[in-house]
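The values are calculated or read from the model by the stated rules, or taken from the named source; none is laboratory data. Treat the numbers as computed from the prediction; the structure is a model and nothing was measured. For neighbour counting, all protein chains shown are included, and Cβ atoms are generated from backbone atoms with ideal geometry for every residue, glycine included.
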Amino acid sequence: MAITLKEFSDKIHWAWEETYHRGNIDALDEIYAHDVVIHVPPFPDEKGVDSYKRHAAEALQLYTNIRYDWEEIIGEGNTIVDRFTMHMKHTGTSQRLNVPPTGKDLTVKCCRIVHVKDGKIVEEFNYSDLLGLFQQLGIVPQMG
């Protein structure tokens with residue numbers, strides 16, 4: 001990787017800030033390769049930055065007050081792992097998550113593994129606590 005882990009981390013944080021706080025979805029072009037593949041089980045893979053931009057636009061329809069607490073980032077070679085917590089308010093609906101707005105404040109723990117080439121993410125594995133999210137939304141009953 002031509003830039004340091006700190007520089008790339010700053011670049012990721014800037015792009016997500018621009019996208020999810022300011023609605024500048026084109027900022028994603030700064031960190032994702034044109035042909036990026038993003039894996040977010042159990043959903044189908046996002047193939048290409050334009051597909052991910054549509055996903056980000058949908059998130060902005062579903063949630064307001066989106067913010068991230070960046071907790072950890074490590075890297076070796078061209079692989080980076082980061083861990084963060086998302087916070088947002090569920091105020092909208094979408095085709096993918098057809099749940100009426102609840103107005104609930106939501107918290108989701110996430111961990112990503114990304115592979116970088118030429119300073120951009122070419123593949124991402126996103127492991128988020130979707131069960132916890134679905135429980136907070138009332139889609140899945142709480143356990144215990």
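Somewhere in the range 42-53, is a residue within 13 Å of I121 (Cβ to Cβ) and in contact (Cβ under 8 Å) with a residue 24 or more places away in the chain? Yes, the range 42-53 contains at least one residue that is within 13 Å of I121 (Cβ to Cβ) and in contact (Cβ under 8 Å) with a residue 24 or more places away in the chain. Restricted to the range 115-132, and to residues there that are over 22 Å from L28 (Cβ atoms) and over 13 Å from the mean Cα position of the chain (by Cα), the residue that is surrounded by the most Cβ atoms within 10 Å (Cβ to Cβ) is G132.
Number of residues in the range 1-42 that are assigned to a loop (DSSP other than H, G, I, E, B) and at pLDDT below 95 equals 8.
From the residues in the range 71-96 that are surrounded by 13 or more Cβ atoms within 10 Å (Cβ to Cβ) and among the aliphatic types (A, V, I, L, M), which one is nearest to I31 (Cα to Cα)? Ranking the candidates gives I80 first. Filtering Y63, Y68, Y32, Y20 for residues that are within 13 Å of the chain's Cα centre (by Cα), under 16 Å from I113 (Cβ atoms) and surrounded by 15 or more Cβ atoms within 10 Å (Cβ to Cβ) leaves a single hit, Y32. V122 meets the conditions (1) in a loop (DSSP other than H, G, I, E, B); (2) modelled with pLDDT of 95 or more in every case but one. The failed one is (1).
Per-residue answers, yes or no, for (1) surrounded by 13 or more Cβ atoms within 10 Å (Cβ to Cβ); (2) part of a strand (DSSP E or B):
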{"site": "H55", "(1), (2)": "yes, no"}
{"site": "N98", "(1), (2)": "no, no"}
{"site": "I113", "(1), (2)": "yes, yes"}
{"site": "Q142", "(1), (2)": "no, no"}
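Scanning the range 82-89 finds one or more residues that are in contact with a helix residue (DSSP H, G or I) (Cβ under 8 Å, 6 or more places away or on another chain) and of a type in the set (D, E).
When the range 102-144 is filtered for residues that are on the phi < 0 side of the Ramachandran plot and either acidic (D, E) or free of Cβ contacts under 8 Å to residues at least 24 places away in the same chain (or both), the ones remaining, listed by number, are D105, E123, E124, D129, L131, F134, Q135, V140, P141, Q142, M143. Looking only at residues in the range 58-80 that are of a type in the set (A, V, I, L, M, F, W, C) and touching a helix residue (DSSP H, G or I) at 6+ places or on another chain (Cβ under 6 Å), the one that is nearest to D10 (Cα to Cα) is I73.
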